[in-house]
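First the structure, in the form of structure tokens, and then the observations on it.
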Amino acid sequence: MPRKILVVDDTRNVQLMLEDFLTSQDFAVLTASDGREALERTRQERPDLILLDIMMPNMDGYQFISQLRRESALPVIMITAKQQEADLVRGFELGADDYITKPFRMRELLMRMRAVLRRAAPPPAQEQTLRVGNLLLDRSRHEVRQAEQTVELTPLEFQILEILMQAPGEVIRRADLAMRLMENGYTGSEATLKIHIRNLRLKLDDDLTQPRYIETVFGVGYRLLETP
């Protein structure tokens, strides 16, 4: 299904120019001549992206964005002749996602549109379970099973194992592992991380001298063995 683009501009020639170009790029194009009409069309049609002129009668672009953000997070690219920083800052503060100044090249507009649409896309669905050898990690239940036996892990140990199981056979650098854990609230050092890894190994009944699950790559990081 083609993406729907709402073009909001009070100049009919601009509407037609953008409609012709975007239609040739396999978009479905809707048009509106001011902010009030644009709000009605947005509520009825739910476009994927809004191209918004700023200077319009009845309801200008700033007023439109302000009202839209009370109702929706739909992405908006401002199309404006205004180039003063204060005007652009105002648009971003109200909730615009990007801007392009008149006159503009169609190819540049297309690249900006595609970038904004990518950012606005929902993240890909994440598999709820990971399986490597006889280890099964269930994200939805926050549970780890080893050969059908439940392994009780702390939240941090669970996160470490999850990261390792996402890339079996690959070395995860110690610094990278610590950084990814920080995104989930971990505040410890790399030295502290070693302790958590050791505790995780013990709970998996791993052999620290000849590991079957988690291998230390000295001076680099850790690797989950693919066939424990």
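Kindly indicate whether any position in the stretch 94-116 is over 20 Å from the mean Cα position of the chain (by Cα), under 30 Å from H196 (Cα atoms) and modelled with pLDDT of 90 or more.
The answer is no, given that none of the residues of the stretch 94-116 is over 20 Å from the mean Cα position of the chain (by Cα), under 30 Å from H196 (Cα atoms) and modelled with pLDDT of 90 or more.
Of all residues in the stretch 128-160, count the ones that are part of a strand (DSSP E or B) and surrounded by 15 or more Cβ atoms within 10 Å (Cβ to Cβ).
Going through the stretch 128-160 one residue at a time, the tally reaches 10.
Report those strands (runs of 3 or more DSSP E) wholly inside the stretch 1-118 carrying at least 1 residues which are without any contact (Cβ under 8 Å) to a residue 40 or more places away in the chain.
Answer list for the stretch 1-118: 28-32, 76-80, 98-101.
Just to be sure I understand, how many residues within the stretch 44-66 are within 26 Å of the chain's Cα centre (by Cα) and surrounded by fewer than 17 Cβ atoms within 10 Å (Cβ to Cβ)?
So the answer is 3.
Condition check ((1) assigned to a loop (DSSP other than H, G, I, E, B); (2) in contact with an Asp or Glu (Cβ under 9 Å, 6 or more places away or on another chain); (3) outside the structural domain of R173 (by TED's automatic domain parsing); (4) more than 17 Å from A167 (Cα to Cα)) across all residues:
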residue: A191; (1), (2), (3), (4): no, no, no, yes
residue: R198; (1), (2), (3), (4): no, no, no, yes
residue: L202; (1), (2), (3), (4): no, no, no, yes
residue: D206; (1), (2), (3), (4): yes, no, no, yes
residue: Q210; (1), (2), (3), (4): yes, no, no, yes
residue: T216; (1), (2), (3), (4): no, no, no, no
residue: G219; (1), (2), (3), (4): yes, no, no, yes
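The values are calculated or read from the model by the stated rules, or taken from the named source; none is laboratory data. Just so it is clear, the model here is predicted, and its values are computed rather than measured. Methodologically, a virtual Cβ is constructed for each residue, glycine included, from the backbone with ideal geometry; neighbour enumeration extends over all protein chains shown.
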